[in-house]
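A.B. asks: Provided herewith is a single structure, encoded as structure tokens, for subsequent inquiry.
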Amino acid sequence: MERHFQKELESLKTSLIKMGSVVEENIAFAIRSVLEKRSDVAHKVIETDQRVDSLEIEIDNAVIDLLALQQPVASDLRFIIAAQKINNDLERIGDHAVNIAEAAETLYALPVVEMLEEIPKMADITKMMLKEALDSFILLDPAKARLVLETDDQIDDLNRLVARRIIELVKSNTQTIECGLELSRVSRNLERVADLATNIAEEVIFHTQARVVKHHADEKEHSE
């Protein structure tokens, strides 16, 4: 019975890794569709989202079965709870990839505006954060997870800078309003992906160390 339970836990982890791989690829393709103006790549992201949704349902059902039939405790229970949250985070990241791809498709039809240099920077950091968050889950490495948490402020700063740059762009040329809105959409979605990567890293820390670090809860605990 115990061996069967452990196999089910391994199967759950494998499914999450598979979903993470699909989502990570979709984010990379979505970013590429913006930076390289590739409509074919944008279409691929949008079409692949159905696979992400199917994996989310499959993983949700596996989590429900494990909770209902196995009554897990301690580390196993923390893993299942973390897996459920990571599953939801990955599905939302997939949605943000679609949003970025759709913004790319709109940008193709608009007058050419030079790409804001902050957006490729945001893209690189966001992809790195997602990769490190997923690696921390695969390796169960809380140290790697904490590095993801420490990087999130960089994305927030760049997102604010993009907003200011877009305001300046629109003020100098009102015909760039629609383009500015789509670039802002790309930036906001990248920022949300970074937040969700941070959530995944937090769940890894919760699973491996039984510590809640969301909203700096562990810092508050030490200060009390």
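The values are calculated or read from the model by the stated rules, or taken from the named source; none is laboratory data. Computed from a predicted model, the values in this text were never measured in an experiment. Cβ sites come from the backbone with ideal geometry, for glycine too, and all protein chains shown count toward neighbours.
A.B. asks: Please find, within the stretch 189-217, the residue that is farthest from residue 116 (Cα to Cα) out of those that are surrounded by fewer than 21 Cβ atoms within 10 Å (Cβ to Cβ) and of a type in the set (Gly, Ala, Ser).
C.D. replies: Going through the qualifying residues, I end up with 210.
A.B. asks: Shifting gears a bit: I need the full set of residues from the stretch 139-172 which are surrounded by 13 or more Cβ atoms within 10 Å (Cβ to Cβ) and farther than 16 Å from residue 192 by Cα, in order please.
C.D. replies: Listed by number, the residues that qualify are 139, 140, 141, 142, 144, 145, 146, 147, 165, 166, 169, 170.
A.B. asks: Without any contact (Cβ under 8 Å) to a residue 24 or more places away in the chain, surrounded by 15 or more Cβ atoms within 10 Å (Cβ to Cβ) and part of a helix (DSSP H, G or I): which single residue out of 16, 77, 55 fits that description?
C.D. replies: Exactly one residue qualifies, and that residue is 77.
A.B. asks: Assigned to a helix (DSSP H, G or I), aliphatic (A, V, I, L, M), at pLDDT 95 or above and loosely packed, with under 14 Cβ neighbours inside 10 Å - does that describe any residue in the stretch 33-51?
C.D. replies: No, because not a single residue in the stretch 33-51 is assigned to a helix (DSSP H, G or I), aliphatic (A, V, I, L, M), at pLDDT 95 or above and loosely packed, with under 14 Cβ neighbours inside 10 Å.
A.B. asks: Something else now. Does any residue of the stretch 69-89 turn out to be out of contact with any helix residue (DSSP H, G or I) (no Cβ under 9 Å at 6 or more places or on another chain) and at pLDDT 95 or above?
C.D. replies: no
A.B. asks: Follow-up question, since we're still on this one. Write out, first by first residue and then by second, each pair whose Cβ atoms fall under 9 Å of each other, whose residues are 6+ apart or on separate chains, and whose first residue, in the stretch 138-149, is on the phi > 0 side of the Ramachandran plot while the second is assigned to a helix (DSSP H, G or I) and polar (S, T, N, Q).
C.D. replies: Pairs found: 140/208.
A.B. asks: I would also like to ask the following. Restricting to the stretch 92-105, count the residues that are among the polar types (S, T, N, Q) and in contact with a Leu (Cβ under 9 Å, 6 or more places away or on another chain).
C.D. replies: Narrowing the stretch 92-105 to residues among the polar types (S, T, N, Q): 99.
So of that shortlist, the ones also in contact with a Leu (Cβ under 9 Å, 6 or more places away or on another chain) come out as none.
The number of residues fulfilling the criteria is 0.
A.B. asks: Identify all residues within the stretch 173-188 that are surrounded by fewer than 19 Cβ atoms within 10 Å (Cβ to Cβ), touching a residue at least 24 places away in the same chain (Cβ under 8 Å) and not acidic (Asp, Glu); write none if there are none.
C.D. replies: Correct list: 175, 176, 185, 188.
A.B. asks: In the stretch 96-117, which residues are in contact with an Asp or Glu (Cβ under 7 Å, 6 or more places away or on another chain), surrounded by fewer than 19 Cβ atoms within 10 Å (Cβ to Cβ) and assigned to a helix (DSSP H, G or I)?
C.D. replies: Taking the stretch 96-117 and keeping what is in contact with an Asp or Glu (Cβ under 7 Å, 6 or more places away or on another chain), we get 98, 103, 106-107, 110.
Retained after the next criterion (residues that are surrounded by fewer than 19 Cβ atoms within 10 Å (Cβ to Cβ)): 106, 110.
Within the stretch 96-117, 106 is the sole residue that qualifies.
A.B. asks: Given the criterion hydrophobic (A, V, I, L, M, F, W, C), farther than 30 Å from residue 174 by Cα and surrounded by fewer than 19 Cβ atoms within 10 Å (Cβ to Cβ), identify the matching residue among 90, 69.
C.D. replies: 69
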